[in-house]
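Here's the structure we're looking at; comments come further down.
Every read-out reported here was derived from the displayed coordinates using simple, explicitly stated rules and does not represent laboratory data. Predicted, not measured: the structure shown is a model, and the values here were computed from it. So basically every Cβ, Gly included, is an ideal-geometry build from the backbone, and we count neighbours across all protein chains shown.
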Amino acid sequence: MNWLTRLGTDFVRPGIVQTGLTLRLAGGSLARVGHIPRRFPSLLQQMYQAGVKAFHVLVLVSFFIGMVVSLQVGFELARFGQESNIGLLVSVTMAREMAPFVVAILLAASSGSAMAAELGTMKVQEEVTALEVLSVDVVSYLVLPRVAALTLMAPILTFFAVVVGVFGGGVIAVTQLGLDFDAYLRMSLDSLREMGEVVHVPRDLFGGLAKSLVFGFAISIIGCAQGLTARNGAAGVGLTTRAAVRDAFIVVIILNFLMGRVIWH
Amino acid sequence: MGYLFQHAALINWLSVFENVALPLRETTSLKEEEIREKVETVLGQVRLLDAMAKFPAELSGGMQKRVGLARALVTEPRIILYDEPEAGLDPEMTVDILHLLNRLKEEIKPTTLTVTHSLDCATHLGDRIAVFERGRILMDAPPDEVLASPLPRVRALLGLAE
């Protein structure tokens, strides 16, 4: 087998097959949105797993990211006597980029991988086949609650990440840059209230939340698709879990660029 | 069609009751009382009424198999496929599950298709036995005839060759 054939059979074909399965699962989940009321208990459980359990980590990470942004940008601004604008920079940076991105990375690493591992284990233990034999709609029963939960939780977590990040930035603004906290907070909130021209909502905040919604959907679909294609026992589950996190990172980074381009430029 | 999986394939996070009720909840519009009645009936048939609230991880291999059987029976299928019903069970549990399957055969009278490597299991459960090798049927006959088969390959596969 020459290298070109190997490239095709080992990388290109599996990649195309997996992409096709993932897109089909995305379409299948969207087509079953009407089933959500039936899946409400399962949806709540998944929201708790994905959101509430990740909350304390998110608070910690967002607080420090807010401080880092404030610290790095604040001292540069201070050189030009512009440190009073730090509130605007921290809030816009958190709302547009840092909060959606950090939430996506956190969810891909925790919830996306957990979904791949959970569904992968069910797949290799024939539980998914058992559901199919029992005529249970696997997409509606297993995939939809997970996808809906992450799609809903991602923007909620992002909102909290923005709030906590702005406060983290405020700590640096007060302690390191000698600014008044009220003035900092006022500037942060004023900049977040700036309305969009096309859609009349606070542009930066809602743009970030919209990105987060799409990230949550993509991460959960990728995690579920990887899990449902697991094979070869425990080793196979390990591979699909790793692939779920890797693919989610790649897709989030690409979507982040594309959506940023569409929303703000 | 009902299907008893080799390793039961129960849903881990559901109790015994929920596992058996699952196909009724997902594929029928029965009321909760009707579902409870049907589930309790089949769990009674497999003698697991006491274990209704337990989870699969709390059950022995034999009990898991019986839950799998109850789940296969609850939709009242006309055909049931048993995949290695004795696999992974100790001799005592094997006898137990074979007696149970025989009793159900008399009570419910479904058409059953059993895939097994065990001659004991095949002769206990089968009205006809088909001997396979590499996807080909070497012999298809009632148990007595299969056991008395003169075909050397059939005797070898069944462990009857001298």
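Just counting partner chain Cβ atoms within 10 Å, what average do the residues of peptide A:134-141 show around their Cβ?
Averaged over the peptide's residues, the number is 4.
For the protein assembly as shown, what proportion of DSSP beta bridges, expressed in % and rounded to the nearest 5, is antiparallel?
Details: 6 of 14 bridges.
Antiparallel: roughly 45 percent of the beta bridges in the protein assembly as shown.
At 1.002 mPa s and 20 °C, plugging the Kirkwood radius over alpha-carbon pairs of chain B into Stokes-Einstein gives what diffusion coefficient in µm²/s? Walk me through the numbers before you get to the answer.
Numbers: Rh = 16.8 Å.
Using the Kirkwood radius from Cα pairs, D works out to 128 µm²/s.
Starting with the highest mean, order A:173-180, A:238-245, A:100-107 by the number of other Cβ atoms within 10 Å, averaged over the residues of each peptide.
On the way: A:173-180: 16.1, A:238-245: 20.5, A:100-107: 25.1.
In descending order of packing, they fall as A:100-107, A:238-245, A:173-180.
Could you pull out every whole DSSP H run in chain A that spans at least 30 Å of Cα extent along its own axis and averages -0.5 or higher on the Kyte-Doolittle scale?
Working: long enough: A:53-79 (41 Å, 1.50); A:144-175 (46 Å, 1.92); A:203-228 (37 Å, 1.16); A:233-264 (45 Å, 1.33).
Sorted by number, the helices that extend far enough and score high enough are A:53-79, A:144-175, A:203-228, A:233-264.
Which order do the peptides A:10-21, A:57-68, B:98-109 take when ranked by the mean count of other beta-carbon atoms within 10 Å per residue, highest first?
Values: A:10-21: 12.0, A:57-68: 19.3, B:98-109: 14.1.
In descending order of packing, they fall as A:57-68, B:98-109, A:10-21.
With label points built 7 Å along Cα→Cβ from the Cα atoms of B:Arg153 and A:Ile36, find their separation and express it in nm.
5.9
I need two numbers for the protein assembly as shown: Rg to one decimal and Dmax as a whole number, Cα atoms only, in Å.
Cα radius of gyration and Dmax of the protein assembly as shown are 29.2, 102 Å respectively.
Cα-based Rg of segment A:63-165 per 2.2 N^0.38 Å, rounded to two decimals? Kindly include the intermediate steps, with their values, before the conclusion.
Numbers: Rg = 20.7 Å, N = 103, 2.2 N^0.38 = 12.8 Å.
Relative to the 2.2 N^0.38 Å estimate, segment A:63-165 comes out at 1.62.
Quick one: give the max-minus-min coordinate of the C-alpha atoms of segment B:1-67 along each principal axis, largest first, in Å.
31, 24, 22
Quick one: P(r) of segment A:1-131 from all Cα-Cα pairs, 10 Å bins, percents rounded to integers, in order of increasing distance.
Bins of 10 Å from zero give 10, 22, 26, 20, 15, 6, 1 percent of pairs.
How many times 2.2 N^0.38 Å is the alpha carbon radius of gyration of segment A:53-264?
Numbers: Rg = 20.2 Å, N = 212, 2.2 N^0.38 = 16.8 Å.
Computed over Cα atoms of segment A:53-264, the ratio equals 1.20.
Report the calculated FRET efficiency for B:Ala57 and B:Val115 (r = Cβ-Cβ distance, R0 = 30 Å), to the nearest 0.05. Before the final figure, lay out the partial values.
Working: r = 26 Å, r/R0 = 0.88.
Using R0 = 30 Å, I get an efficiency of 0.70.
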